[in-house]
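Note sheet for the following structure.
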Amino acid sequence: MLLLVELGYGQTDREAFINDLIAQMTLQEKVGQMTNLGLTALVEGGFWTATDSLVLDEALMKTYLQRYAVGSIQGKGVYPPTQHEWQRLTATVQAYAKEHSRLGIPLLIGIDAVHGAHYTANATTFPHQLGLGASFNTSLVQDIGAATSQNLLASGIQWNFAPVLDLAWQPLWGRIEETFSADPHVVATLGAAFVKGAQQTYQQQRVAACLKHWVGYSFPFSGKDRSPIHLSPIDVQQFFMPPFKSAITAGASSVMLNSGALNGVPGHVDAEGLAQLKEEWGFSGFVVSDWDDLTKLVDVHRVAADYKEATRQAVMAGMDMCMVPYDSTFSVALVELVQEGAVPMARIDDAVRRILRVKYDIGSWEAPVEMELNSYADLALQAATESMVLLKNEGALPLAAQEKVVVAGPGAHSVTALQGPWSRTWKGDDTSYNHPAAKTLVEALTALDVDATFLPGAGYDTLGAISQEDFAAADKIILVLGEEPVTEKASDIHDLNLPVAQQALVQRAALTGKPIVVVLLQGRPRLMAAIEPVTSAVVHGFYPGQYGGIALARLLTGQANFSAKLPYTYPKHHGSLKGYPYRMADHLDQQFGLSGYAPQWPFGYGQSYTTFEYHNFQCSDTLVGLDRSLSCHVTVTNTGDRAGKEVVQWYYQDEIASVTPVEWRLVGYEKIALLPGQEKEVAFALPASQLQLVNRKAAWVWEPGYGKIGVGPDSKTLDTHRFWLDVNTE
Ligand code: BGC
């Protein structure tokens, strides 16, 4: 393979270079570019489970990389290679593709790296996205995007199936931990920040981000993964799409489709949605299917009688690349469809052009980078510290010096529980790949000289023989509860309550009368209304990654301060799951008052070891115009005796609209650091662009009328100011 300059093209000749390539390509070569295969398809034997099963097979490489001219592969096994093993693998397949394919087009090699390069042995894992959402820290998220890409590039991988831009609206859904937040503004801003970091250039190469899952995937009505999604077209436009638009504006290279069906239309055949993405928004990158989803169009969604028809529908709807995953079915079907005239060559050329554009942009025809895996331990520790929310504290925290603690529960002495799924392996449950620097909470407390005793026996669904007497030596009890790391279909549940055995553990500990601190390591809000009253403190740790144990120990002992806020509503009852954002009617009670919904904790809520006071809230005007934003400011004072960080949250409420508006929705936030006694004036300009709504025709419009801006420490505690939105441009 020749480098771009050797081929006679400069950095700015992208479209000419691609046109010249397309002009030389056979149909099979074009379809090959549209094909993504799992690495498994190229290795000897079956699925790779260890180094010795990761042996590339010459005959298979010849079949797929030469005969079918496959242009993209991805790694997904049940064994995490080291950086150097990845380098050897990626360099070998690249060299094969470049030398043995006719045009020497480099492969696009992809992977899921949704919280760090977690499929590389010993690469740092960061908190899952939901914890990053709780941090409300955009620069932190940008740095994590950049760090993840540096680690991927060091392994020869240039495509990351991240960030996840789905909204955490359905608490039952088992992939919430992969999302940033229930709030579209948080997802839009953190998503764009991640993309900027992730697509940063290193030595003329970069990673292509992949936004997923277009669109609505996270809102299955039943809560079960990939089950039917029912969302009004208004909510799709107003809330689910803007995060994608924001990340595309930030330059994202690719988009992955929704495996489910939205309002009856499977994501993979939703031509209308894809036309909006590509034509209306001008997205020039490419759209990839999710894993094996053409098969699901036949077997599950039943919109196509056979695989070939599914291929036709998906390609014609706008899918540019198919994650097959392991054979030539897609390639064979698509070549036939073109030969039969069922798919026009223009559609194929468009898809190939989009894919080659991304390959060009990420520097595929440049010299490979030479980098070692950086550690990013400090960044991961900071992120873990900023990701955990203190939901309740009746004086139990921070732990006092010399206090004896007994620590129990399934997450107490487990790195797996801290990392969550997608860690070294898909489920993340194989402890043999734990990072040597990772510490469990018990180990981390001990390292800080806390007198901590681990009480074994309590699992996710088992209580063991633990009795009240086992806590006798403790001054305080720490129970680390939550969910066994799991994802996708395997994460489906029938009941959102914390498993019975864990609730029983809390009740048993409560018999001692000692203060109980509950730490929740989980990817969704497992209900705890029955046990919350007997706790003295509650921490929502999400899945904070491999430095989560150390961060947690520092937070519990007061060596660090909590600064995270809830990225979703924490519900209280299984029959009342509708959280933020909500409409007024969601709160109607039995007497037709508005007290019908009291969550355990509201969106945006989180405590600190210090206290903040909001005062002197003022806005310049009572009018917002299309060319005139509303300038407001508020002063926040740290009234406690510790340094702390506060997330100042700005919300908007539309009083009357032609479609029922949601109550308060976030329009801005800023995380500020304050020393004890220090105060800061925080300013915010509310532009009219934030005040558009989607009307009954699913169009974005401004409607004149009264609105309110609110500022405060969470979505329920707001100082407000009323204004008139004037849409007259005269
Ligand atoms: C998941 C995607 C993931 C893909 C590739 C699918 O099952 O839904 O989120 O990127 O697999 O691993």
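The values are calculated or read from the model by the stated rules, or taken from the named source; none is laboratory data. Since the model is a prediction, treat every value here as computed from it, not as a measurement. Cβ atoms come from the backbone with ideal geometry, glycine included; neighbour counts cover every protein chain shown. Remember, those area values only see protein heavy atoms, side chains included, never the ligands or the DNA or RNA. Shrake-Rupley method; radii C 1.70, N 1.55, O 1.52, S 1.80 Å.
Can you find a residue that is over 14 Å from the mean Cα position of the chain (by Cα), among the charged types (D, E, K, R) and open to solvent by less than 10 Å² (accessible area, probe 1.4 Å) anywhere in the stretch 225-232?
There is at least one residue in the stretch 225-232 that is over 14 Å from the mean Cα position of the chain (by Cα), among the charged types (D, E, K, R) and open to solvent by less than 10 Å² (accessible area, probe 1.4 Å).
Could you check the stretch 278-296 and list, in sequence order, the residues that are away from the ligand (no atom under 16 Å from the Cβ) and either among the acidic types (Asp, Glu) or not assigned by TED's automatic domain parsing to the domain that holds Leu262 (or both)?
Glu279, Glu280
State which residue is farthest from Val114 (Cα to Cα) when the search covers only the stretch 478-495 and only residues that are among the charged types (D, E, K, R) and within 16 Å of the ligand (Cβ to nearest atom).
My answer is Asp492.
So which residues in the stretch 262-296 are hydrophobic (A, V, I, L, M, F, W, C), over 24 Å from Ala193 (Cα atoms) and open to solvent by 10 Å² or more (accessible area, probe 1.4 Å), if there are any at all?
Leu262, Val265, Val269, Ala271, Ala275, Trp291
Just checking, does the stretch 281-295 include any residue being aliphatic (A, V, I, L, M) and within 28 Å of Phe17 (Cβ to Cβ)?
Yes: one or more hits.
Go through Leu130, Leu152 for me and flag whichever is part of a helix (DSSP H, G or I) and out of contact with any Gly (no Cβ under 8 Å at 6 or more places or on another chain).
Leu152
The rows are residues; the columns are (1) without any contact (Cβ under 8 Å) to a residue 60 or more places away in the chain; (2) open to solvent by 10 Å² or more (accessible area, probe 1.4 Å).
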position: Tyr96; (1), (2): yes, yes
position: Gly104; (1), (2): no, no
position: Ile109; (1), (2): yes, no
position: Ala123; (1), (2): no, no
position: Pro127; (1), (2): no, no
position: Leu140; (1), (2): no, no
position: Ser149; (1), (2): yes, no
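Output the residues belonging to the stretch 297-319 that are within 16 Å of the ligand (Cβ to nearest atom) and surrounded by 22 or more Cβ atoms within 10 Å (Cβ to Cβ).
Leu297, Ala314, Met319 - these are the residues of the stretch 297-319 that are within 16 Å of the ligand (Cβ to nearest atom) and surrounded by 22 or more Cβ atoms within 10 Å (Cβ to Cβ).
Looking only at residues that are under 29 Å from Tyr433 (Cα atoms) and among the polar types (S, T, N, Q) in the stretch 45-79, which one is farthest from the ligand (Cβ to nearest atom)?
Applying the filter and picking the extreme gives Thr51.
Within the stretch 583-600, is even one residue surrounded by 19 or more Cβ atoms within 10 Å (Cβ to Cβ), outside the structural domain of Val682 (by TED's automatic domain parsing), in contact (Cβ under 8 Å) with a residue 40 or more places away in the chain and within 22 Å of the chain's Cα centre (by Cα)?
Within the stretch 583-600, none of the residues are surrounded by 19 or more Cβ atoms within 10 Å (Cβ to Cβ), outside the structural domain of Val682 (by TED's automatic domain parsing), in contact (Cβ under 8 Å) with a residue 40 or more places away in the chain and within 22 Å of the chain's Cα centre (by Cα).
Find all pairs meeting these conditions: Cβ atoms under 6 angstrom apart; at least six residues apart or on different chains; first residue within the stretch 65-79 and on the phi > 0 side of the Ramachandran plot; second residue modelled with pLDDT of 90 or more and of a type outside the set (Gly, Ala, Ser).
Going by the 6 Å Cβ cut-off, the qualifying pairs are Ala69/Gln28; Ala69/Glu29.
Based on what the data block shows, is Val711 among the β-branched types (Val, Ile, Thr) and open to solvent by less than 10 Å² (accessible area, probe 1.4 Å)?
yes
Just checking, which of Thr385, Thr440, Thr416 is of a type in the set (Val, Ile, Thr), crowded, with 21+ Cβ neighbours inside 10 Å, touching an Asp or Glu at 6+ places or on another chain (Cβ under 9 Å) and within 30 Å of Ser149 (Cβ to Cβ)?
Of the residues listed, the single one that is of a type in the set (Val, Ile, Thr), crowded, with 21+ Cβ neighbours inside 10 Å, touching an Asp or Glu at 6+ places or on another chain (Cβ under 9 Å) and within 30 Å of Ser149 (Cβ to Cβ) is Thr416.
Among the residues of the stretch 144-151, is any within 16 Å of the ligand (Cβ to nearest atom) and touching a Cys at 6+ places or on another chain (Cβ under 7 Å)?
no
So, of the residues in the stretch 353-406 that are among the β-branched types (Val, Ile, Thr) and more than 30 Å from Ala472 (Cβ to Cβ), which turns out to be farthest from the chain's Cα centre (by Cα)?
Among residues in the stretch 353-406 that are among the β-branched types (Val, Ile, Thr) and more than 30 Å from Ala472 (Cβ to Cβ), the one farthest from the chain's Cα centre (by Cα) is Val369.
Residues Glu532, Glu483, Glu488: which one is in contact (Cβ under 8 Å) with a residue 40 or more places away in the chain and farther than 21 Å from Leu441 by Cβ?
That would be Glu488, the only listed residue that is in contact (Cβ under 8 Å) with a residue 40 or more places away in the chain and farther than 21 Å from Leu441 by Cβ.
Do we find that Val624 is over 33 Å from the mean Cα position of the chain (by Cα), in a strand (DSSP E or B) and surrounded by 14 or more Cβ atoms within 10 Å (Cβ to Cβ) in this structure?
yes
Name every residue in the stretch 452-488 that is open to solvent by less than 40 Å² (accessible area, probe 1.4 Å) and part of a helix (DSSP H, G or I), in order of residue number.
Correct list: Phe471, Glu488.
Since Glu366 meets every condition but one in (1) within 28 Å of Gln204 (Cα to Cα); (2) crowded, with 22+ Cβ neighbours inside 10 Å, which condition does it not meet?
(2)
From (1) open to solvent by 50 Å² or more (accessible area, probe 1.4 Å); (2) at pLDDT 95 or above, pick out the condition that doesn't hold for Ser491.
Condition not satisfied by Ser491: (1).
When the stretch 329-353 is examined, which residues are found to be part of a loop (DSSP other than H, G, I, E, B), open to solvent by 30 Å² or more (accessible area, probe 1.4 Å) and touching a residue at least 12 places away in the same chain (Cβ under 8 Å)?
Matches in the stretch 329-353: Ala342 only.
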